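J.: Handing you a structure now.
All of the numbers you see were taken from the coordinates with simple rules; none came from a lab. Keep in mind that what you see is a predicted model, and the values were worked out from it rather than measured. Reconstructed Cβ throughout: ideal geometry from the backbone, glycine too, with neighbour counts over all protein chains shown.
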Amino acid sequence: MCTYYEVPGREQLVLHFGDVPEEEWRDKMSPLYRGPFLRAKGEAGRELVVGQWGMIPPNSKTHIPTGKDGKRLSTVNARREGMAKSWTYGGPWRKGQRCIIPAQLYVEPYWGTGKHIPWQFERADGEPWGLEGLWSEWTDPATGEVLHSYTMITQNCDDVPVLNLMHRTDPKRPPDKQDKRTVVPLEKGDWDTWLQGTIEQAESLIKVPSVELFVHRAKDPAQQVELPVESA
């Protein structure tokens, strides 16, 4: 799962995503930080708003995501396979509350050397990513304040070169059943369909793009290693 990404600079946000909101956000995003996301506005418009990265489930007593049993949840990533029936993500998915998350880069963990090496992914053309997500609103029961929150959708990438090298390998699973995960980038030509289209249209866009779109390397140059040739 992705738990770190970096928001594009203000100029890039305006150029690719529209007017930036007045609210503050973190440029280097980790769970529960506030970041910008793009959502539909009206029948054909878009707007950037700021919300918490980590969707707040319905009836949660606090902005820190908790389940029905009161235990804390990790809600920064939504598995596409189960989100339609999820207590947290099902409502936003059925209501069409889809969003696009601006990211200059995102980071996944590479464990091929036996230790965690943060591995970053950028677009080869230098433009920012637009990552698929869902958003929701939550009302604080103590104050009445309405807060936005969002999550990134993830997709299986067991058969995708490079991406399937990220995350720890589960020794109890065969190579083709590891369930490695990746976030899902959107091409600009699909943005309106994702934000405004039907559930069926949106479902068809949850797919991993061509590896040729990616530029990848260790986030810390001192930790750079050569990935296995057959998977690079």
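J.: Is there a residue being free of Cβ contacts under 8 Å to residues at least 60 places away in the same chain, assigned to a strand (DSSP E or B) and of a type in the set (Ser, Thr, Tyr) anywhere in region 62-69?
T.: Yes - at least one qualifying residue is present in region 62-69.
Listed here are the residues, each with its yes/no results for (1) under 19 Å from Met29 (Cβ atoms); (2) within 15 Å of the chain's Cα centre (by Cα); (3) basic (Lys, Arg).
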residue: Gly51; (1), (2), (3): yes, yes, no
residue: Lys61; (1), (2), (3): no, no, yes
residue: Gly67; (1), (2), (3): no, no, no
residue: Arg79; (1), (2), (3): no, yes, yes
residue: Lys95; (1), (2), (3): no, no, yes
residue: Ile100; (1), (2), (3): yes, yes, no
residue: Gln104; (1), (2), (3): yes, yes, no
residue: Thr113; (1), (2), (3): no, no, no
residue: His116; (1), (2), (3): yes, no, no
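J.: Would you check which residues across region 188-212 are in a helix (DSSP H, G or I) and surrounded by 16 or more Cβ atoms within 10 Å (Cβ to Cβ) and list them?
T.: Selection gives Asp190, Trp191, Trp194, Leu195, Gln196, Ala202.
J.: May I ask you to verify whether Thr62 is touching a Ser or Thr at 6+ places or on another chain (Cβ under 6 Å) and within 19 Å of Thr151 (Cα to Cα)?
T.: Against the criterion (touching a Ser or Thr at 6+ places or on another chain (Cβ under 6 Å) and within 19 Å of Thr151 (Cα to Cα)), Thr62 does not qualify.
J.: All but one of (1) touching a helix residue (DSSP H, G or I) at 6+ places or on another chain (Cβ under 9 Å); (2) more than 26 Å from Thr198 (Cβ to Cβ) hold for Tyr89; state the number of the condition that does not hold.
T.: The one condition Tyr89 does not meet is (2).
J.: Let me ask another. Across region 73-84, what is the number of residues that are more than 12 Å from Met1 (Cα to Cα) and basic (Lys, Arg)?
T.: Total satisfying the criteria: 1.
J.: Suppose we keep only residues that are touching a residue at least 60 places away in the same chain (Cβ under 8 Å), among the charged types (D, E, K, R) and part of a strand (DSSP E or B) within region 119-161. Which one would you say is surrounded by the most Cβ atoms within 10 Å (Cβ to Cβ)?
T.: Glu132
J.: While we're on this one: If a residue must be farther than 20 Å from Val7 by Cβ and surrounded by 13 or more Cβ atoms within 10 Å (Cβ to Cβ), how many such residues does region 85-102 contain?
T.: 9
J.: Moving on to the next point. Going through region 1-41 one residue at a time, which ones are within 21 Å of Asp125 (Cβ to Cβ), β-branched (Val, Ile, Thr) and surrounded by 15 or more Cβ atoms within 10 Å (Cβ to Cβ)?
T.: Val7, the sole residue that qualifies.
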